[in-house]
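Participant: Handing you a structure now.
The values are calculated or read from the model by the stated rules, or taken from the named source; none is laboratory data. Everything quoted here is computed from the prediction, not taken from an experiment. All Cβ positions, glycine included, derive from the backbone under ideal geometry; neighbour counts span all protein chains shown. Accessible surface areas use protein heavy atoms only, side chains included; no ligands, DNA or RNA. Shrake-Rupley method; radii C 1.70, N 1.55, O 1.52, S 1.80 Å.
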Amino acid sequence: MEMPRPDQAVLDRREKIAAAMRSILPASSVVTELQELQAFESDGLTAYRQPPLMAVLPETTQQVSAILKYCHDEGIKVVPRGSGTSLSGGALPLEDGILLAMGKFNRILDIDYEDRCVVVQPGVSNLGITRAVEGNNFYYAPDPSSQIICSIGGNVAENSGGVHCLKYGLTTNNLLGLEVVLIDGTVLRLGGRHLDSGGYDIMGLLTGSEGLLAVVTEVTVRILPKPETARAVLMGFPSSEQAGECVGSIIGAGIVPGGLEMMDRPAIHAAEDFVHAGYPLDVEALLIVELDGPAGEVDLLIEEVSRLAGENGATSIRASNSEEERQTFWAGRKSAFPAVGRLAPDYYCMDGTIPRKKLPEVLRRMKELSQHYGLDVANVFHAGDGNLHPLILFDASKEGDLHKAEEFGADILRLCVEMGGVLTGEHGVGVEKRDLMPEMFSKTDLEHQQRLKCAFDTQGLLNPGKVFPQLHRCAELGRMHIHKGQMPFPDIPRF
Amino acid sequence: MPEFFKPSNVQQVQEIVQWALSGDEKLNVVGSGSKAHLDNVSAESRNDEHRVDMTALSGITQYDPDEMVLCARAGTPMTEILEAVTAAGQQLGFEPLVSGPFLKGDGAVLGTLAGVVSSNFAGPRRLTAGSVRDHVLGYDAVSGRGEIYKAGGRVVKNVTGYDLMKLVCGSYGTVSLLTDIVIKTQPGFKTEQSLFMGAQTPEEAVELMTRALGSAFAVSSAAAVPASGFRGELPLSVPWVAVARLEGHEAAVRERTERLSGLILSGGQKTELHVSDEARSKAFWAAVGQSGLELGRTDGLWKISVAPSKGARLMRSLLVDRPELDFTMDWGGGLIWVRVPETYDFGDCAAALREEVEDFGGHATLWVQPEDYDHETPVFHPLSPAEELLSKRIKASFDPECILNTGRMFHHFKA
């Protein structure tokens, strides 16, 4: 993976830059010792490591603004970082870039039950929001698997999802307001506690922009009343086709489950060995369907869903009868990654989305690829929305295995695009899928996105080297070739 | 002489833009014209521009109910889309709005898909289900650079690249000409009911809505309307009526309505309640979606968005100097419709209203203009200087020569 070449002039100015940072921040908030910087050298995508030029830990919006303005004026790159759980390398540092660690922004600023929202600093964890309001029977809906530690600011940057997003949406659907700082130090407040602000939806544009457009310093999220009950059903199928058809029948019956997950045989076995959730082992596909709402309604829907499972050939159907049992059902799915991790020294988690009906074909072709590369793969799948997480098993200590796993992963993502899907459903492009972007987007498509980047950050200082396979100068991107008078007059119906 | 183009494919759209670029021409991009009045520039000035009518780009190109994805050409009439979706037992992710009454006409104008996307306005269920912007998955377009490009995808979950769908939603055709749009559908609700709750004051009505929305009974919409001034029928004779809408499976809706009634009655106050059946519920929400106010030709209508808890206070404060204003509230108190009768000087009233709304942290759009409207008051709420500057840069990145719907949302003439 090639990152932007470090600017020697910046590397040479390291001491001067550190001094400037110490004039903005307390000395203890400016990290320059290599040993300490190693803590920041990687995020959830551990295959890539790079200690930053230095790490700075601001705690006020004014400090963030001053840091960015300095970097803007001095031409220094900045990589923002929340809790560092990105699975696509979104927070991978640059040798000549300042790492802007937002961990000190860890306060909940306001809980507003009347407007059903919470205002937090970006370093607050995703689960921290739910924890703060669950006593009043509210919760924050998006629930990425890393929710114990991942920061809400990072969720905004990546537009994080989770197992409940089929019904409750991604981060972008649950945001009401943002305070952000642009690279030139401008502080911008977008949205608030109301809906649909006027003007362009800049908040929506920033969500999922992977730290390339602005740094988030405050987040207002909507909170929802907790469903009264939730129950889950485990349904085992002799084939993934039947499981897939069952998902179609559930949605066709007008039911949008709170969670709708699928696991393939290797994933089922790994999870069962790991947590003993009581999963059936003689099946090719397992569905976990969760229904939430008032008790009577949930019971009714459980019956309906179980009936549909039977009609689609399920060989085992089990509904949870207690909260404890429901948690056990989920324990297997939620620990699928570490469980699969026990099968091999390393695993590589992919994240494509496909049209759901293509699942059997994708699984079949994936099996062929698995044979081709000589690496095993286990699949967990957000079945409701077609988001596939193949886990490729490999051994990094074996010469060439990591490279093979990466190649295999890239082939899987190409397959997703070929099937009418996309490169990433919720993990982001980052550095990981950066070079695959041309599989999905034409040069013109990408240039339109990069020009938007230019509108926010002309010098390309915020998180460069992520998302886009090639860096272009904004002036070059903006050039337009208009040949006056040489355009054919359009031959188009007119009145 | 202004030209009037009606392209029927993306290449023709591209040719038109390239032609405009080569001659410094301005293009006014329109669908069915049902939201043409939402424009900071007057219709007379628009008449001098070349008009691009997008309605020949029409038809659903792919609809897979199982995948919850529908693709259609930009100019497809919304009625056609709704028919297809309803026939499959589904509904759109957002609640589309009939805009006829806003035009002071009788027609049930729904407009085109691109028009709905470009204005990003959804009905009462917006409160919980999101707006148009929450359900657009991808699009194809021609930018103001005369280039064909696409964004997003054709699946319901996707974070690949920037979310340009958010930008085109609510951009009123100022960044690109949409040619194809992908939207999300979902299983349709089997039925709906509404719980009507009596209140003496708007504050009490907001409180009732807040309790309903904070309950575990999945209330999908919450509005409050005054007995006098509301143009639909109300089952209770009280000064204000707060209404909670419950949607879903038959048995589920029954259970939730019953239990919500119990919860409201457990509050201690004697609240008058009424449960309406599906037909009355639908009629009520259709009226609320169109503001619920009767509009005369000389009336103006404002759409104000504010934090729900501030809705009632904002109303009170506006009424102090102008007791003849009429109000309804939707979105749990966060959307306020204000009818301004000709009794008041429109310009003065507009300035005072916007100032007041800003004090409450909201924004106001002039949704329907009075007959003698002179465009002195901008239709769209002015942006902060920093936001306007950034918006201009965003616009310029897609439309550097500023040829698309110039000046529609804010002043963005080429420097």
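Participant: Tally the DSSP beta bridges in the range A:6-101 and give the antiparallel ones as a percent, rounded to 5.
Facilitator: Approximately 20 percent, going by the DSSP bridge assignments.
Participant: May I pose another question? To the nearest 10 degrees, how steep is helix B:78-87 against the longest Cα principal axis of chain B, on a 0 to 90 scale?
Facilitator: With rounding to tens, the tilt is 60 degrees.
Participant: Could you check the simple spin-label distance between A:Q371 and A:A47, using points 7 Å along Cα→Cβ, in nm with one decimal?
Facilitator: Rounded to a tenth, the inter-label distance reads 2.4 nm.
Participant: Quick check: the angle from helix B:202-213's long axis to the longest principal axis of chain B, C-alpha only, nearest 10 degrees?
Facilitator: 80 degrees
Participant: Please report, in debye to the nearest 20, how large the charge dipole of the range B:278-415 is about its Cα centre when each Lys and Arg carries +1 at its beta carbon and each Asp and Glu carries -1 there. Walk me through the numbers before you get to the answer.
Facilitator: Numbers: 15 positive and 22 negative charges, 136 e Å.
Its charge dipole is roughly 660 debye.
Participant: While we're looking at this one, here's another question. To the nearest 20 debye, what is the magnitude of the charge dipole of the range A:6-101 about its Cα centre, counting +1 on the Cβ of each Lys and Arg and -1 on the Cβ of each Asp and Glu? Before the final figure, lay out the partial values.
Facilitator: Details: 8 positive and 12 negative charges, 31 e Å.
Using Cβ point charges on Lys, Arg, Asp and Glu, the range A:6-101 gives about 140 debye.
Participant: Excluding ligands and nucleic acids, what accessible area in Å² is computed for A:D411 using a 1.4 Å probe, to the nearest 10?
Facilitator: 40 Å²
Participant: Among the listed pairs B:K166/B:K392; A:K443/A:K466; B:K26/B:K392; A:K404/A:K433; B:K282/B:K303, which are separated by more than 19 Å between their Cα atoms?
Facilitator: Too far apart for the 19 Å limit: B:K282/B:K303.
Participant: Relative to the Cα centre, what is the charge dipole magnitude of chain B, using +1 at the beta carbon of each Lys and Arg, -1 at the beta carbon of each Asp and Glu, and rounding to the nearest 20 debye?
Facilitator: Dipole of chain B, to the nearest 20 debye: 1040 debye.
Participant: How many percent of DSSP beta bridges within the protein assembly as shown run antiparallel, rounded to 5? Working shown, then result.
Facilitator: Working: 123 of 139 bridges.
Of all bridge pairs located within the protein assembly as shown, approximately 90 percent are antiparallel.
Participant: Moving on to the next point. Using only alpha carbons, build the gyration tensor for chain A and give me the equivalent ellipsoid semi-axes, biggest first, whole Å.
Facilitator: 39, 27, 25
Participant: Let me ask something additional. Summarise the partner chain shielding of A:411-424 as one whole number: the mean count of Cβ atoms from other chains within 10 Å of each residue's Cβ.
Facilitator: Mean number of neighbouring Cβ atoms from other chains: 3.
Participant: Can you tell me the accessible area per residue over the range A:149-199, all protein chains present, probe 1.4 angstrom, in square angstrom?
Facilitator: With all protein chains present, the range A:149-199 gives 24 Å² per residue.
Participant: By how many nm would the segment from A:E95 to A:A396 grow when fully extended, if each residue of separation counts as 0.36 nm and the alpha-carbon distance is taken off?
Facilitator: Values: separation 301, 0.36 × 301 = 108.36 nm, distance 2.41 nm.
Length difference between fully extended and current span is 106.0 nm.
Participant: While we're looking at this one, here's another question. For an R0 of 51 angstrom, estimate the FRET efficiency from the Cβ-Cβ distance between A:D299 and A:E407 and round to the nearest 0.05.
Facilitator: According to the calculation, E is roughly 0.60.
Participant: Points 7 angstrom from Cα along the Cβ direction at B:R393 and A:I111: gap in nanometres?
Facilitator: Label at B:R393, label at A:I111, 3.8 nm between them.
Participant: Then there is this: Using alpha carbons only, how many angstrom separate the centre of the range A:116-171 from the centre of the range B:192-215?
Facilitator: Value for the Cα centre distance between the two parts: 28 Å.
Participant: Right, here's the next one. Given R₀ = 22 Å, FRET efficiency for B:S8-B:S45 by Cβ-Cβ distance, to 0.05?
Facilitator: According to the calculation, E is roughly 0.20.
Participant: Treat each spin label as a single point 7 Å out from the Cα along the C-beta direction, and report the A:A39 to A:A27 distance in nm.
Facilitator: That separation, rounded to one decimal, is 1.8 nm.
Participant: Take the alpha carbon atoms of the range A:417-472, find their center, do the same for the range A:226-244, and report the distance between the two centers in whole angstrom.
Facilitator: Cα centres, the range A:417-472 to the range A:226-244: 35 Å.
Participant: Next question. Which length gain, in nm to one decimal place, applies between A:R265 and A:K226 when the Cα-Cα distance is subtracted from 0.36 nm times their residue separation?
Facilitator: Details: separation 39, 0.36 × 39 = 14.04 nm, distance 3.29 nm.
So the extension gain works out to 10.7 nm.
Participant: Considering only chain B, what is the antiparallel percent among its DSSP beta bridges, to the nearest 5?
Facilitator: 90 percent
Participant: Could you work out the mean count of beta carbons from other protein chains within 10 Å of each residue's beta carbon in B:177-188?
Facilitator: 1
Participant: So, one more: For the range A:127-170, list whatever residues lose no less than 50 Å² of accessible surface once every protein chain is in place, relative to that chain by itself, with the probe at 1.4 Å.
Facilitator: So the qualifying set is empty.
Participant: Just to confirm the filter: which GluC sites (Glu not before Pro) across the range A:17-70 are DSSP coil and have at most 13 other Cβ within 10 angstrom of their Cβ? Mind dumping the intermediate values first?
Facilitator: On the way: sites: A:E33, A:E36, A:E41, A:E59; in loops: A:E33, A:E41, A:E59.
Counting only loop positions with at most 13 other Cβ atoms within 10 Å, the GluC sites (Glu not before Pro) in the range A:17-70 are A:E33.
Participant: Give the residue list of trypsin sites (Lys or Arg not before Pro) in the range B:381-415 that are DSSP loop and have at most 16 other beta-carbon atoms within 10 angstrom.
Facilitator: Taking the range B:381-415 and a limit of 16 other Cβ atoms within 10 Å, the loop trypsin sites (Lys or Arg not before Pro) found are B:K414.
Participant: Ratio of alpha-carbon Rg to the 2.2 N^0.38 Å globular estimate for the protein assembly as shown, to two decimals, please.
Facilitator: Scaled against compact globular proteins, the figure is 0.93.
Participant: Can you give the FRET efficiency to the nearest 0.05 for B:R231 and B:R322, using r as the Cβ-Cβ distance and R₀ = 30 Å? Each step should come with its number before you reach the end.
Facilitator: Details: r = 20 Å, r/R0 = 0.68.
Calculated value: 0.90.
Participant: How big is the A/B interface in buried accessible area, both sides summed, 1.4 Å probe, to the nearest 100 Å²?
Facilitator: Result for this pair: about 8000 Å² buried.
Participant: Here is a further query. If one computes the Cα centroid of the range B:13-36 and of the range A:291-341, what distance in Å separates the two points?
Facilitator: What the calculation gives is 53 Å, centre to centre.
Participant: Would you mind checking the tilt of helix A:295-311 against the longest principal axis of the Cα atoms of chain A, expressed as 0 to 90 degrees and rounded to 10?
Facilitator: So the helix axis and the longest Cα principal axis differ by about 70 degrees.
Participant: Give the average, rounded to an integer, of partner chain Cβ atoms located within 10 angstrom of each Cβ in B:135-143. Display every interim value, and only then the final one.
Facilitator: Working: counts 2, 0, 1, 1, 0, 1, 1, 0, 4.
Counting other chains' Cβ atoms within 10 Å and averaging over B:135-143 gives 1.
Participant: For each pair in B:K150/B:K395; A:K167/B:K184; A:K77/B:K150, compute the distance between the two Cα atoms and list the pairs where it is over 20 Å. Intermediate results must be reported in sequence, preceding the final value.
Facilitator: Values: B:K150/B:K395 17 Å; A:K167/B:K184 12 Å; A:K77/B:K150 29 Å.
In this structure, A:K77/B:K150 exceed 20 Å between Cα atoms.
Participant: Chymotrypsin sites (Phe, Trp or Tyr not before Pro) within the range B:373-415: which are DSSP loop residues with at most 16 other Cβ atoms inside 10 Å? Let's see the in-between values first.
Facilitator: Details: sites: B:Y373, B:F380, B:F398, B:F410, B:F413; in loops: B:Y373, B:F380, B:F410, B:F413.
Here the sparse-neighbourhood loop sites are B:F413.
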